[in-house]
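The values are calculated or read from the model by the stated rules, or taken from the named source; none is laboratory data. This one's a predicted model, so the numbers in the text were calculated from it and none came from an experiment. We place every Cβ from the backbone using ideal geometry, glycine too, and count neighbours over all the protein chains shown. Calculation scope for accessible area: heavy atoms of the full protein, side chains included, ligands and nucleic acids excluded. Shrake-Rupley method; radii C 1.70, N 1.55, O 1.52, S 1.80 Å.
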Amino acid sequence: MSRIGKKPVIIPANCTVDIAEGNVVTVKGPKGTLTYAAHPDMILKIEGNELIVDRPDDEHLHKSLHGLTRTLIHNMVEGVEKGYSKELEVNGVGYRAEKKGTQLVMRLGFSHEVIVDEIPGITIEVPAPNKIIIHGIDKQTVGQFAAEVRGKRPPEPYKGKGIKYTTEVIRRKVGKTGGKK
């Protein structure tokens, strides 16, 4: 049995979970609503304040889906209750970020400003010119959007200039040496 798949998903008091026909799971909470269509073979049961994910047999596909389904539903419950956020840091001389309306405007050493629009379900916060915080209830969307913003100017290994996650450690390289010929 999957260690992760065996664990029940605890449903908090301020959240509701509904399982519709075809294993469509809808989670409602204080931050919003998320829906996920689980694989039709997975067995989903609500017992009290717990959601239990089970598999019909030990077929390879069902083993693979067991832990995945449980984790996705757990992330949905956590997202509508608390939400997710990713913090990015902008490093470099003259590199700045600011928010204009629903757009994130960044100066990243190019001849032009890099503009990124907010997408539905995502809010961008810029508390300082070198800090970007991305909030949302869907873990996958928050992570994907943060990766796209980071991809506008990934950190380089020589000076560490670029956009990086606050928890990320950049492996630095030694530059050229001006040796004699």
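Structural remarks
- Nitroxide proxy distance, nm - points 7 Å out along Cα→Cβ at Lys152 and Asp57: 5.2 nm
- As a fraction of the 1.4 Å probe accessible area of segment 22-181, surface on carbon and sulfur atoms comes out at 50 percent.
- For segment 88-152, the relative contact order is 29 percent, taking Cα pairs closer than 8 Å that sit 6 or more residues apart in sequence and dividing their mean separation by the residue count.
- Under the convention that each Lys and Arg Cβ holds +1 and each Asp and Glu Cβ holds -1, the size of the dipole of the chain around its Cα centre is about 1760 debye.
- Here the label points at Val93 and Asn23, each 7 Å from Cα along the C-beta direction, are separated by 5.7 nm in the simple model.
- Charge tally for Asp57 (other residues, Cβ to Cβ under 14 Å; Lys, Arg +1; Asp, Glu -1): -2.
- Taken per residue, the accessible surface of segment 1-142 reaches 55 Å², heavy atoms only and a 1.4 Å probe.
- Computed from the C-beta positions of Gln140 and Arg171 and an R0 of 35 Å, the FRET efficiency is 0.85 to the nearest 0.05.
- Relative contact order of the chain, taken over Cα pairs closer than 8 Å and 6 or more residues apart, is 18 percent.
- Helix 139-150 axis, angle to the chain major axis (alpha carbon atoms, nearest 10°): 10 degrees
- For the chain, the longest piece that avoids every one of the chymotrypsin sites (Phe, Trp or Tyr not before Pro) found in DSSP loops with at most 14 other C-beta atoms within 10 Å covers 1-109.
- Nearest-0.05 FRET efficiency for Ile10 and Lys159, computed from C-beta distance (R0 41 Å): 0.35
- Length available on full extension from Glu50 to Ala128: 0.36 nm per residue minus the Cα-Cα distance, which gives 24.0 nm.
- Once the chain from Glu118 to Ser64 is taken as fully extended at 0.36 nm per residue, the excess over their C-alpha distance is 16.1 nm.
- Cross-link pairs exceeding 29 Å in C-alpha to C-alpha distance, out of Lys6/Lys131; Lys99/Lys139; Lys28/Lys100; Lys31/Lys159; Lys6/Lys152, comprise Lys6/Lys131; Lys28/Lys100; Lys31/Lys159; Lys6/Lys152.
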